[in-house]
1. State yes or no: is Asp127 surrounded by fewer than 17 Cβ atoms within 10 Å (Cβ to Cβ) and touching a helix residue (DSSP H, G or I) at 6+ places or on another chain (Cβ under 6 Å)?
2. Quick check, is Ala110 farther than 23 Å from Asp191 by Cβ and not in a helix (DSSP H, G or I)?
3. Considering only residues that are part of a strand (DSSP E or B), farther than 21 Å from Leu184 by Cα and under 11 Å from the mean Cα position of the chain (by Cα), which ones fall in the stretch 113-126?
4. For the subset of the stretch 135-147 comprising residues that are part of a loop (DSSP other than H, G, I, E, B) and not hydrophobic (A, V, I, L, M, F, W, C), which member is nearest to Pro82 (Cα to Cα)?
5. Consider the stretch 145-162. How many of its residues are among the charged types (D, E, K, R), within 11 Å of the chain's Cα centre (by Cα) and over 18 Å from His118 (Cβ atoms)?
6. Just give me the residues in the stretch 173-184 being assigned to a loop (DSSP other than H, G, I, E, B) and under 17 Å from Thr76 (Cβ atoms), in sequence order.
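The values are calculated or read from the model by the stated rules, or taken from the named source; none is laboratory data. The structure presented is a predicted model; accordingly, all values stated were derived computationally and were not measured. Cβ coordinates were reconstructed from backbone atoms using ideal geometry, including for glycine residues, and neighbour counts include every protein chain displayed.
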Amino acid sequence: MPPIPPKFRKCLKGFTLAELLICVALIGVISAIAIPKILTAQQNAETIAVTKEVFAMVSGAYTQYAASNTASASTTEMDLTPFMNYVKVVSGNQIDQNPGFSGGITCGSAGAHCLRIHNGSILMYFDYFSFGGTSNLNALGFIYDPDGVYTGLDDSIKFYLYFNGRISTRERMAPNTSSSINTLNPYAGADPAWYIP
């Protein structure tokens, strides 16, 4: 390669070591701020997707049940179990309660039935709950823990399947929703922080 003529040498410019180090430091600061937020957003999106899949599974199970049986005030979550897609029934596992309650809740205790879902999450329901009526405000309750273990973070979500097939979370439930146990009302802040419908 021939030498560069002197008149063109002044046009050649490069970065100093200090400028390169400043750029590397800026990239590091931006990465330290952005990467955790991106990872959290990705994890939340995956959790929401799987949660909506579970909602759809419960809704589909109810549709299948109602197609071959007569849904009534005495229909329970246990009636829907044969129509659900799950890996196994679990007991002894402690999972997070729905938000607003402290402590965990143990699968298999006090009529609490838990189904392990394909991704390791747990769907819990109680055998003593039934619709208790046949209006659009009568519902069955479920607790869904996306990580399937007790973390103490109240990261579970409680949702309801209404007699008409509608599903809503505790925060977005219809006023005066009732089951065979009692009348329930929505309360603010009931859905976990990761759930954005």
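1. Working: surrounded by fewer than 17 Cβ atoms within 10 Å (Cβ to Cβ): yes; touching a helix residue (DSSP H, G or I) at 6+ places or on another chain (Cβ under 6 Å): yes.
So Asp127 passes the test.
2. Answer is yes for this residue.
3. The answer is Ile122, and nothing else.
4. Initially, the stretch 135-147 is screened for residues part of a loop (DSSP other than H, G, I, E, B), giving 135-137, 146-147.
Narrowing further to those that are not hydrophobic (A, V, I, L, M, F, W, C): 135-136, 146-147.
On the way: Ser135: 24, Asn136: 24, Pro146: 21, Asp147: 23 Å.
That would be Pro146.
5. 2
6. Within the stretch 173-184, Ser179, Ser180, Ile181, Asn182 meet the criteria.
Okay, residues lined up against (1) under 21 Å from the mean Cα position of the chain (by Cα); (2) more than 18 Å from Tyr144 (Cα to Cα); (3) modelled with pLDDT of 90 or more:
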residue: Pro36; (1), (2), (3): yes, yes, no
residue: Gln42; (1), (2), (3): yes, yes, no
residue: Met84; (1), (2), (3): yes, no, yes
residue: Val90; (1), (2), (3): yes, no, no
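For (1) modelled with pLDDT under 85; (2) aromatic (Phe, Trp, Tyr); (3) outside any strand (DSSP E or B), each residue gets a yes or a no:
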position: Tyr128; (1), (2), (3): yes, yes, yes
position: Gly133; (1), (2), (3): no, no, yes
position: Val149; (1), (2), (3): yes, no, yes
position: Asp154; (1), (2), (3): yes, no, yes
position: Asn164; (1), (2), (3): no, no, yes
position: Glu171; (1), (2), (3): no, no, yes
position: Pro186; (1), (2), (3): yes, no, yes
